[in-house]
Amino acid sequence: MAKTNAQRQAEYRARRRRDGVSTRLNIEVSLVAHFALERLAHHHGLTQRQMDHRPP
């Protein structure tokens, strides 16, 4: 039987954690900060994750 998107994503995240590539970080930010990050990422042609990992 085919896997659901949620199952595939859960396996992907587990594999990345197991391989030491990433860890999960859940935080709450203000809407102002969220939209600022969204705008900056769009302006630079990056994802929000790439923006977060970009050197200063």
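List of remarks:
- Residue satisfying all of: in region 1-24; of a type outside the set (S, T, N, Q) and touching a helix residue (DSSP H, G or I) at 6+ places or on another chain (Cβ under 9 Å); farthest from Pro56 (Cα to Cα) among these: Lys3
- A Cβ distance below 9 Å, combined with a sequence gap of six or more or placement on separate chains, defines the contacts here; from region 1-24, residues that are within 19 Å of Arg49 (Cα to Cα) reach residues that are part of a loop (DSSP other than H, G, I, E, B) and among the hydroxyl-bearing types (Ser, Thr, Tyr) in the pairs Arg13/Ser22; Arg16/Ser22; Arg16/Thr23; Arg17/Thr23.
- From the list Gln50, Gln7, the one residue that fits, being modelled with pLDDT under 95 and surrounded by 10 or more Cβ atoms within 10 Å (Cβ to Cβ), is Gln50.
- Residue check, Ala14 modelled with pLDDT of 90 or more and under 16 Å from the mean Cα position of the chain (by Cα): yes
- Unique match (being out of contact with any Gly (no Cβ under 9 Å at 6 or more places or on another chain), assigned to a loop (DSSP other than H, G, I, E, B) and charged (D, E, K, R)) among Arg49, Arg39, Arg17, Arg24: Arg24
The values are calculated or read from the model by the stated rules, or taken from the named source; none is laboratory data. Since we're looking at a predicted model, the values are computed, not measured. We place every Cβ from the backbone using ideal geometry, glycine too, and count neighbours over all the protein chains shown.
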